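**Student:** Provided herewith is a single structure, encoded as structure tokens, for subsequent inquiry.
Every number here is computed from the coordinates shown, using simple stated rules; none is lab data. This is a predicted model, so every value here is computed, not measured. Positions of Cβ are generated from backbone atoms using ideal geometry, with glycine treated the same way; all protein chains shown enter the neighbour counts.
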Amino acid sequence: EDFILKFTDIEVDPIWKPTELGYAPFALAIGSPGNWNKSWPAVIRQHILHWAHNKLARKYGCNDVDYTRKLWKYFGCPEPGDDDSELACMVASSRWRGFEIDTDKFKEKRRQALKVVGNVPTSPRVAKAYLYEVMDTTERHALKEGTGATILEAIAGKVDAKGEWDWSKGWLKEDGVTPHPAAERGREILEARRATKEIELCDKLIKAGRFHPSFKVIGTLSSRMSGTDKLNPQGIKASEDIRRCFPLANFENGEVLCGGDFVSFEIALAAAVYDDKQLEADLKAGKSIFGLFAEQIFDIPYADIMAGKKTTNHYTDGKGGIYSQIYGGDEHTVANRLNVDIEIAEKACQDFMERYPGIKAARKNIEEKFCSMRQPGGIGSVVEWHEPTDFMESLLGFRRYFTLENKICKSLFNLANDPPKSWKDIRVKVKRRDRLQTASGASQSALFAAAFNIQAQCMRQAANHQIQSSGAQITKAVQRKIWDLQPNGAVPWVVRTMNVHDEIHVVTHPKHLERISVIVNKTVESFRPNVPLIEIEWNAEEKSWADK
């Protein structure tokens, strides 16, 4: 009789679980001959014995093969060789081999970071006490939600487009120029925390001696690769000084590095997804929509915005504002992120939507599909339920499902509309915002608020999916075509590739550079019917990860 076995039913005794470091996937990073410190050489014998003699474990292994074959038949015997499956093998292979790093540079980076940390408190409790010392009672209310980066940047300011600290974004003394003492300490804490993260990165890479990037390829909601194994390649700072520490190729042994980055990829995808002719026309005319948005926000001529692209924050802020519009944000998002008055943000958003009606129509379409709870009479009126769409498709057909989120919203909606009678029997008044409510009424309001919050997240994620998933699929398609150059089996390396967001980098040998460039251009060109403005800048002479 067949019965379901779970891995937890048959796994090796947990005492034989090996110690592993995802960022350094080899036993010598943990132990050494004679003292393997619970790494694989110390426990492998127990695993061999378990799988050789445990009947249930062997049955589980047989079932694994049998069920996989049955699933393949259930899904109509699909042809093997899809991009995700091939790239999953590529990621594993490239990860084991690893990429070159400059350990001496990382050691120097670590020394510099230790100096920045110094004696500055970084833990939330001690950091708060450090700030309290220079704050009066009223000012301390700014820390009631903690000492996270967003809160500290509101007090201390942040780095501008020139790489200099912009105190004007934080607290100033009465003269309007001198930073408040809390701003100075807030900057110390922010920089010390970032330096601490940098030390963690350096320690991991120095220990490994190489860069072993690990990605999840299959199973992500957006189809984008996501970093894993306690060293996320996508989270490594994009600054040139950090990425210069990653040569990736072993140039001394004859390897070379090539790679590239898609040009204004998300904007090109937005023009295609939203079918906005005005946006496409502006981009073809060489106009920057980041600059155009900044012009609306700051009331500064477009030419001046573009001239100061590398010396002021206006262009960067315009970029942030545009992405908020593309990815489902509203005037409140713009006002909060760019630190401008809500009236200015409202006008900029309104002008943006009027200029680009295709984006406006797409936003409306997402609302119609995913706005399941609506209040035609405004805040405080009856909430109506409209059955939402179950998924959003990317430009290339990859679906992101919202089945679970929709079910949760429906359950919260039903409970809020028809709470248990026992709730109504509680004779207690609760003050929420500016009005008194019964305990039952307050609970209903809270349930609706939770449901509306989930709904808003779904709408933002649906908007994100159309752009980000499409970009991920195109990037992976290019990467897969490059990987096809690598022969099967235990043969010398021809290519090792890494994909981080919209970038692709390839370690190879000089004789393959021309073939790779042809493959990249041909594959990118194949997507032009879907994305008319698609373009990639490919560099066949990279010296490090910084040279994209």
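**Student:** When the Cα centres of segment 375-425 and segment 277-318 are compared, how far apart do they sit, in Å?
**Tutor:** Comparing the Cα centres of segment 375-425 and segment 277-318, I get a distance of 38 Å.
**Student:** PRE reach from ILE300 (point 7 Å along Cα→Cβ): which of segment 156-188 fall under 17 Å by backbone N?
**Tutor:** Flagged as within label range: 158-170.
**Student:** State the extension gain, in nm to one decimal, for the chain segment bounded by TYR401 and LEU28, taking 0.36 nm per residue of separation less the distance between their alpha-carbons.
**Tutor:** Extending this stretch completely gives an extra 130.0 nm.
**Student:** So if we plug the beta-carbon distance of ALA92 and ASN453 into 1/(1 + (r/R0)^6) with R0 = 51 Å, what FRET efficiency do we get, rounded to 0.05?
**Tutor:** Between ALA92 and ASN453 the formula returns 0.85.
**Student:** Also, quick follow-up: What net charge is computed for the residues neighbouring PRO124, neighbours being all others with C-beta under 13 Å from the C-beta of PRO124, Lys and Arg scored +1, Asp and Glu -1?
**Tutor:** Local net charge: +3.
**Student:** Now a separate question. For segment 103-209, take every pair of Cα atoms, bin their distances at 10 Å starting from 0, and report each bin as a whole percent.
**Tutor:** Going from the shortest bin to the longest, the percentages are 15, 40, 29, 12, 3, 0.
**Student:** Moving on. Report the normalised scattering of segment 256-295 as log10 I(q)/I(0) at q = 0.26, 0.35 Å⁻¹, calculated by the Debye formula with identical scatterers on the alpha carbons.
**Tutor:** -0.92, -1.21
**Student:** Given R₀ = 60 Å, what would the calculated FRET efficiency be for LYS162 paired with ASN63, taking r from the Cβ atoms and rounding to 0.05?
**Tutor:** Given R0 = 60 Å and the Cβ-Cβ separation, E is 0.45.
**Student:** Where does the charge balance sit around SER324 when Lys and Arg score +1, Asp and Glu -1, over other residues with C-beta under 14 Å from its C-beta?
**Tutor:** Net of charged neighbours comes to -1.
**Student:** Another question, if that's okay. Take SER526 and ASP136, extend 7 Å from each Cα along the Cα→Cβ direction, and tell me the distance between the two endpoints in nm.
**Tutor:** Placing both labels 7 Å along Cα→Cβ, they lie 6.8 nm apart.
**Student:** Report the full-extension gain for the segment ASN414 to GLU240: residue separation times 0.36 nm, less the Cα-Cα distance, to one decimal in nm.
**Tutor:** Length gained between ASN414 and GLU240: 57.4 nm.
**Student:** Right, another one. Could you check the spin-label model distance between GLU20 and ASP275? Points 7 Å from the Cα along Cα→Cβ, value in nm.
**Tutor:** 4.7
**Student:** Expressed as cubic angstrom per residue, what is the convex hull volume of the alpha carbon set of segment 7-75?
**Tutor:** Value for segment 7-75: 116 Å³ per residue.
**Student:** Roughly what would the spin-label model give for ASP9 and GLU367, points 7 Å off Cα along C-beta, in nm?
**Tutor:** It is 5.2 nm.
**Student:** Same structure again: Hey, can you rank 239-246, 201-208 by average C-beta count inside 10 Å, highest first?
**Tutor:** 201-208, 239-246
**Student:** Compactness ratio of the chain: Cα Rg over 2.2 N^0.38 Å, N = residue count?
**Tutor:** Here the answer is 1.14, to two decimals.
**Student:** Once you have the Cα-Cα distance between LYS543 and LYS287, take 0.36 nm times their residue separation minus that, and quote the gain in nm to one decimal.
**Tutor:** 89.0 nm
**Student:** Give me the net charge of ASN339's neighbourhood, meaning all other residues with Cβ under 13 Å from the Cβ of ASN339; Lys, Arg count +1, Asp, Glu -1.
**Tutor:** Result for the local shell: -2.
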